């Protein structure tokens, strides 16, 4: 047994590298350093490894045969030692020499540019400058990995050779130096010690397939620095586009990372922070590697594993939750993303994640999910985020945030807030989007706000008018008033938070008025969209009424005037002007215009009548009889004045209607405009009505009879007419004068009899 132990010790190359690990001086730096020298070294190493491999293989067979004989009872102890120590150690030697032999026979792999780029990104993420500076240009197809390795690793081999050569005290000749160099080179490839120079070299030179083969050959028996080799192999899988294999290896490494001092020194490099664990730092590094390839599914598994393994007090816990949320969102897992952000202990990160979730769902038009989420204590934050995003959005391209706000409030039956959101959107459309589309959307928003307030309780059917230009940040207010601070009577500065803010409350009638104003402009634009580029901007009610009248939209003009308590006189003046125009113009176009007015006024009139002028006058009659208030005659007066001023005769229906509501005013207008014939006829008819003939024509309640209240005559106007009639020499006026005097005589007799 002692002989076998001695032999195995001599065959083990594991102790050769340790003595030269820190040697800084090389006595033979150029020995076998040329291309031919390296080729000779690799050939000698192959011969050496093959001999040693075959010898160890034969030795193993011998040990198995000897162990199987078991001829003497007193040799049981030696058999046990053979089984537990000698044979396993020999098996390891066989495998180790086979790996060296494999290195001398395995050819290098050509490195595509895509693999180089991916590897460079990973080296930068891992902050391994010694890898990023690697030159891959001299890798030639057909050369072995041992030849490639000793082009760079030969210096290390020569250091080991120096230590061996000095200990042997041999002469400086080729026959002595070359065998020592071969053994030194074999020592660098020896897998049974903590020598990681060779796998690191394979990883740095992008020889990922040979690295994976190397790892497979060590599986199950070589445990030295196992997790570091797993990390290198996992990184190679990731670069070669096998993320699931990489993930499996990385997760395995994370379980044992705290025991891997060399791996920690490479990856973490003093990045410890108070309370941080090595696992969290390692997982953060690996996540960064996967993020380089946009592998969100793998990042989700890694982040979940890290959260399960580290303590809740670790400062990286909020970061892992944020990472987990981000990649759930990238994968379209909105429900999982929402539950993740709710668990995040950092309130600022939670708010940022909530904002990202809402924006992402809006971009993907998944509005229903935003509404259906149960936000609980975070509902106010969601509303604040939506409001902030809505106010920053360009209405020409995106109004979805206002729509979500409206739907969210309606879903929770908060109708006042829903109305406020739609009213704010309507205000912004009116100020920022001066187009037909913007005006149409503004009207729709007003209508939605009105509907919401109708759904609210009557005592709560109001909103606070939003101030679109007010600063929401008190720091901004301080900046505004920095140059001119406000002070009280004692000279003390008034804080911005204590300054009064003007609040305007809008009820349902207020919003209805704004809706009607916008709707009137929309109606005009729809009728005359080709020539209405300048009427999209907001107008005052008076300006809007004038615009509607210019477009012959009389009915909307009347409704808008009623809504804002404006006088209807301008409306009827405009209608009267259209009637006069239809009379004064005899061309065909005037009749076409008359037809147009009648259609736009939505009146049920006979459009088959060949006299289109009749339709225009019928519009005036319809509106005048409909909108003149009881006991008032201002509309009749404005129409009559307009007609008389232009020398037009009053229609019979207008005379009859006006004399019923205000006979004296009509008589005054006749006299003022010099219509004495009409004045005389009107006075004669009125006196006859007072005497009891057709009193309904003047809307008289009583006549001149006994036991009735006193009646009244316009004696001043009668005297004026009598005086003026004496100057008329025309026979027709003389007849009217005589008729008036006779009627007055009858009136006087009736007065005397009563």
Could you work out how much longer the chain between residue 723 and residue 54 gets when fully extended? Use 0.36 nm per residue separation minus the Cα distance between them, nm to one decimal.
225.4 nm
Round to the nearest 0.05 the FRET efficiency obtained for residue 64 and residue 262 when R0 = 45 Å and r is the Cβ-Cβ distance.
0.80
Taking the beta-carbon count within 10 Å as an exposure proxy, list 427, 289 from fewest neighbours to most.
427, 289
Length added when fully stretched, residue 540-residue 735, from 0.36 nm per residue minus Cα-Cα
64.7 nm
Pop a pseudo-label 7 angstrom from the Cα along the beta-carbon direction at both residue 455 and residue 335 and give the gap in nm to one decimal.
2.6
Take residue 694 and residue 380, extend 7 Å from each Cα along the Cα→Cβ direction, and tell me the distance between the two endpoints in nm.
7.8
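Counting other C-beta atoms within 10 Å, which of 392, 353, 661 has the fewest, and how do the rest follow?
With the sparsest Cβ surroundings first, the list reads 392, 661, 353.
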Length gain on complete extension for the stretch residue 292 to residue 665, per 0.36 nm per residue less the alpha carbon to alpha carbon distance?
125.2 nm
Does segment 611-741 classify as rounded, prolate or oblate by the C-alpha gyration tensor (a ≥ b ≥ c root eigenvalues; a/c under 1.5 gives rounded; else a/b over b/c gives prolate, otherwise oblate)?
oblate
Can you pull the one-decimal nm distance between simple spin-label points at residue 127 and residue 467, each 7 Å off the Cα toward Cβ?
4.9
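Fewest Cβ neighbours within 10 Å first, please rank 115, 464 accordingly.
The fewest-first ordering by Cβ neighbours comes to 464, 115.
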Which of the peptides 673-681, 260-268 is most tightly packed, and how do the rest follow, going by the mean number of other Cβ atoms within 10 Å of each residue?
673-681, 260-268
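No lab work stands behind these numbers, since they all come straight from the coordinates. Everything numeric here is computed off the predicted structure, so don't read it as measured data. No Cβ is skipped: glycine too gets one built from the backbone with ideal geometry, and neighbour counts run over all protein chains shown.
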